[in-house]
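Remarks on the structure that follows.
The values are calculated or read from the model by the stated rules, or taken from the named source; none is laboratory data. Please read these numbers as outputs of a predicted model, since none were measured by experiment. As a convention, Cβ positions derive from the backbone with ideal geometry for all residues, glycine included, and neighbour counts pool all protein chains shown.
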Amino acid sequence: GAVVSQHPSWVICKSGTSVKIECRSLDFQATTMFWYRQFPKQSLMLMATSNEGSKATYEQGVEKDKFLINHASLTLSTLTVTSAHPEDSSFYICSATRPGGEDTEAFFGQGTRLTVV
Amino acid sequence: LAKTTQPISMDSYEGQEVNITCSHNNIATNDYITWYQQFPSQGPRFIIQGYKTKVTNEVASLFIPADRKSSTLSLPRVSLSDTAVYYCLVAEGDSSYKLIFGSGTRLLVRP
């Protein structure tokens, strides 16, 4: 089946630094990818929609200047957490939907655990 | 806001059948119903998807009544490894839909 891969799986960074998380669709092209954030014991919260070749669409309350999204190719979207602070520590997950057909399925990456110290 | 409502948690024992019901009263004509499973520190994994009536695959069955305002995920003979959070989602069946997650159902399977 289709696979979406995230890198890194976990990262620890110092407060004030920036961290980049990559999301790749390995065997299909994804014009649209999605980024989620998940805090412990909570559900996934959609942060933004990443559109290939255009600006990302952010959900209400998500700071676009803090969470920079770049979707430069049909198989790669990146999320950069800029000037990270401890409250940004969370589990970040991306997804992509394989295009075509009525019976569509979203594929999720394995997630990236970000810890800001 | 999530379009779905599920029980927060359920308990079961190994070997039992587990049925998790999801309400989606405002489901649209173009919406499909999809269930995902999530283990701790992993991304969600697709279980099953349906539009109406019954769908069955190798891991689960999905029952959808005629009005489509609810659906039931049925897990036959659960094992300890089925302990996870299960999410019911509704979204349009095209390639660009975004999935809004509700609270999910935390299933605990006991020995």
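Within region A:99-108, not a single residue is outside any strand (DSSP E or B) and within 14 Å of the chain's Cα centre (by Cα).
Residue count for region B:58-107 satisfying the condition of being buried (at least 19 other Cβ atoms within 10 Å of the Cβ) and polar (S, T, N, Q): 2. Going by the structure shown, is A:ALA30 among the aliphatic types (A, V, I, L, M), more than 11 Å from the chain's Cα centre (by Cα) and over 25 Å from B:LEU89 (Cα atoms)? Taking the combined requirement at face value, the residue does not satisfy it.
Restricting the search to region B:23-33, which residues are part of a strand (DSSP E or B) and in contact with a Gly (Cβ under 8 Å, 6 or more places away or on another chain)? Full working, then the answer.
At the first step, the residues of region B:23-33 found to be part of a strand (DSSP E or B) are B:23, B:31-33.
Selection gives B:ASP31, B:TYR32, B:ILE33.
Pick from A:ALA96, A:ALA72: which is of a type outside the set (Ser, Thr, Tyr) and in contact with an Asp or Glu (Cβ under 9 Å, 6 or more places away or on another chain)? Steps first, please.
Values: A:ALA96 fails: in contact with an Asp or Glu (Cβ under 9 Å, 6 or more places away or on another chain).
On inspection, the qualifying residue turns out to be A:ALA72.
In region A:70-92, the residues that are touching a residue at least 60 places away in the same chain (Cβ under 8 Å) and closer than 17 Å to A:ALA48 by Cα form Cβ pairs under 7 Å with partners that are among the small types (Gly, Ala, Ser) and in a loop (DSSP other than H, G, I, E, B), at six or more places apart or across chains, as follows: A:THR80/A:SER18; A:VAL81/A:SER18; A:THR82/A:SER18; A:TYR92/A:GLY111. The residues of region B:54-111 that are in a loop (DSSP other than H, G, I, E, B), over 14 Å from B:LYS3 (Cα atoms), within 14 Å of another protein chain (Cβ to nearest Cβ) and among the polar types (S, T, N, Q), listed by number, are B:ASN57, B:SER95, B:SER96.
Can you say whether B:GLY15 is exposed (fewer than 13 other Cβ atoms within 10 Å of the Cβ) and in a loop (DSSP other than H, G, I, E, B), as far as the supplied structure shows? Spell out how you get there, then give the answer.
Numbers: exposed (fewer than 13 other Cβ atoms within 10 Å of the Cβ): yes; in a loop (DSSP other than H, G, I, E, B): yes.
The answer is yes for B:GLY15.
Within region A:83-97, the residues that satisfy the criterion of being more than 9 Å from the chain's Cα centre (by Cα), part of a strand (DSSP E or B) and either among the aliphatic types (A, V, I, L, M) or at pLDDT 95 or above (or both) are A:SER90, A:PHE91, A:ALA96. Here B:GLY50, B:GLY43 are screened, and the one residue that is more than 21 Å from A:VAL3 (Cα to Cα), small (Gly, Ala, Ser), within 14 Å of chain A (Cβ to nearest Cβ) and surrounded by 14 or more Cβ atoms within 10 Å (Cβ to Cβ) is B:GLY50.
Starting from residues that are under 13 Å from the mean Cα position of the chain (by Cα) and among the β-branched types (Val, Ile, Thr), keep the ones in region B:18-40 and report whichever is surrounded by the fewest Cβ atoms within 10 Å (Cβ to Cβ).
Going residue by residue through region B:18-40, those that are under 13 Å from the mean Cα position of the chain (by Cα) are B:18-24, B:32-38.
Still in the running and among the β-branched types (Val, Ile, Thr): B:18, B:20-21, B:33-34.
Details: B:VAL18: 20, B:ILE20: 21, B:THR21: 16, B:ILE33: 25, B:THR34: 25.
The qualifying residue surrounded by the fewest Cβ atoms within 10 Å (Cβ to Cβ) is B:THR21.
Residues that are hydroxyl-bearing (Ser, Thr, Tyr) and under 26 Å from B:GLN49 (Cβ atoms) do not occur anywhere in region A:79-87.
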